[in-house]
Amino acid sequence: MPFVRNAWYVAGWSHDFGAEMRALTIVNETMVMFRASDGALVALEDRCPHRQLPLSRGKRIGDTIQCGYHGMTFDRTGACVRVPGQDNLPASAYVDAFPVEERHGIVWVWMGDPDRADPATIFDMPEFSDPAWHVHHGDALHLKANYLNVAENLVDPAHVSFVHPTTLGSSASENVPVHVSTRGKAITAWRWIRDAPPVGFFQKFGGFSGNVDRWHYYHLHLPSTAVIDFGSADAALNLPEEDRQKGVRIFALHFVTPVTEDYTIDHWMHIRNAAVGDDAASAQMDAMFRIAFAEDKEILEAIHIEEQRPQKRKPIRIAIDKGPNVYRKRIRDLIETEATEDLGDPVRPTFVQHD
């Protein structure tokens with residue numbers, strides 16, 4: 001399936017990018033990125049229009065890149081500013097420049113029509129700027145899997161009991177109903193497990209020993225940003241859903257970036273309301289997350305291999321697939337919209353529709 005292109009995708013964390021050139025691929029588009037002398041990030045098409053050598057194989061001269069084959073040089077806007085051996089610059093001698101924005105230590109790149117790149121549409125949460133919450137950037141999980149399967153996994157509370165039995169889930173939740181809402185812009189799936197032993201994650205981080213009430217709220221924002229609101233509270237408190245901030249509450253954020261049809265990078269981080277300012281707690285949580293996400297990686301890569309093999313029967317869908325099914329349809333609709341041009345309401349039309 002093609003990709004949604006009119007969208008902001010995460011290229012990495014701000015600290016991943018410096019003055020040196022870095023080559024990367026998003027939605028099958030290769031680019032070279034570097035931090036210019038004024039600190040701003042630059043993202044250019046990583047392919048010289050002359051002989052197609054990646055510009056990342058050349059060298060940076062000031063805020064320009066010189067191609068390593070014949071020396072054609074391009075500025076931060078993608079315009080060619082020098083062709084060695086001639087004074088005239090061909091009109092076709094340019095490379096695309098991708099809009100880039102940095103927010104909260106996260107680097108976003110717009111992969112579609114530059115005229116439609118609206119920074120106001122970049123994903124945000126009030127907790128990013130709230131001193132009562134601790135913001136911690138994690139890792140980049142590399143998966144040999146299609147991004148749709150990776151994103152679907154992040155709106156699926158049901159898999160946690162089986163894929164993460166020692167970290168994020170347990171058998172206590174196997175038959176607990178999953179609720180799904182598709183009314184808003186984000187697809188949301190959630191459930192509460194009441195008066196049950198704490199899972200491994202909260203035994204270690206939350207310090208719970210007795211039974212807890214725990215929750216998972218999965219929010220999937222198109223095209224591929226997921227927020228998992230999860231936590232635990234002493235079961236004796238019997239917290240209502242709207243008071244879960246009184247427990248140990250964590251937002252696990254997953255910025256799923258399609259690289260190719262067969263390769264995805266999940267940049268993950270978390271925001272928490274406990275152990276604020278405690279770097280040791282962040283390291284402890286990272287270690288637990290790495291174990292859990294490695295479990296996801298193993299499952300998703302195995303699925304991808306099987307999807308490439310000839311299929312003997314139609315795939316089945318069960319009750320827990322409501323969120324993923326809606327997600328797939330919305331992605332298809334976005335791709336179809338990008339593939340056509342809407343001319344707007346007709347002026348003096350000769351065609352009149354009556355239904």
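Computed from the coordinates by the stated procedures, all read-outs in this text should not be read as laboratory data. Just so we're clear, the structure is a prediction, and the values are computed from it rather than from any experiment. Every residue, glycine among them, receives a Cβ derived from its backbone with ideal geometry; neighbour counts consider all protein chains shown.
Counting only Cβ charges, +1 for Lys and Arg and -1 for Asp and Glu, the dipole size of the chain around its Cα centre is about 700 debye. Quick one: angle between helix 322-338 and the longest Cα principal axis of the chain, in degrees between 0 and 90, rounded to 10, please. Between the helix axis and the principal axis of the chain, the angle is about 10 degrees.
Applying 1/(1 + (r/R0)^6) with R0 = 56 Å to the Cβ-Cβ distance of residue 96 and residue 246 gives a FRET efficiency near 0.70.
For the chain, dividing the convex hull volume of the Cα atoms by the residue count gives 204 Å³ per residue. Among 17, 351, 123, the ranking by other beta carbons within 10 Å of each residue's beta carbon, starting with the fewest, stands as 351, 123, 17. Panel order for 282, 129, by other beta carbons found within 10 Å of each beta carbon, from fewest to most: 129, 282.
Can you give the helix-only mean residue ellipticity at 222 nm for the chain, where every DSSP H stretch with n ≥ 4 adds -39500 (n - 2.57) and the sum goes over all residues, rounded to the nearest 500 deg cm²/dmol? Value at 222 nm, helices only, nearest 500: -5500 deg cm²/dmol. If the segment from residue 132 to residue 59 were pulled out straight at 0.36 nm per residue, it would be longer than the present Cα-Cα gap by 21.9 nm. Among 21, 31, 125, the largest mean-square fluctuation in a Gaussian network model of the chain, built with springs joining Cα atoms closer than 10 Å, belongs to 125.
Between residue 144 and residue 51, the modelled label-to-label distance comes to 3.3 nm, taking each label 7 Å out from Cα in the direction of the beta carbon.
GNM remark for the chain: springs join alpha carbons under 10 Å apart, and the peak mean-square fluctuation among 184, 207, 12 falls on 184. For residue 312, the lysines whose Cα falls under 26 Å of its own Cα, not counting residues fewer than eight places away in the same chain, are 144, 297, 322, 329. Across the options 53, 11, 27, the greatest Cα extent toward the positive end of the charge dipole of region 8-116 (unit charges at beta carbon of Lys, Arg, Asp, Glu) belongs to 53.
Run down the aspartates and glutamates and flag those whose C-alpha is under 15 Å from the C-alpha of residue 314, throwing out any fewer than 8 positions away in its chain. Partners found: 306. Dipole check for region 232-281: with +1 at the C-beta of Lys and Arg, -1 at the C-beta of Asp and Glu, and the Cα centre as origin, the magnitude is about 220 Debye.
Ordering 176, 42, 252 by the projection of their Cα atoms onto the charge dipole of the chain, which places +1 on the Cβ of Lys and Arg and -1 on the Cβ of Asp and Glu, puts 176 at the extreme positive end.
Highest mobility in the GNM of the chain, judged by mean-square fluctuation with C-alpha springs under 10 Å and restricted to 280, 302, 93, is found for 280. Counting only alpha carbon atoms, the long axis of helix 279-307 and the longest principal axis of the chain meet at about 80°.
When the chain is described by a simple charge dipole with +1 on each Lys and Arg Cβ and -1 on each Asp and Glu Cβ, the residue from 302, 212, 77 located farthest towards its positive end is 302. Taking other C-beta atoms within 10 Å as the exposure proxy, 67, 80 rank 80, 67 from fewest upward. Computed about its Cα centre, the charge dipole of region 6-133 is approximately 700 debye, with only Lys, Arg, Asp and Glu carrying charge at their Cβ. Averaged over residues, the count of other Cβ atoms within 10 Å places the peptides 250-263, 312-325, 192-205 in the sequence 250-263, 192-205, 312-325, highest first.
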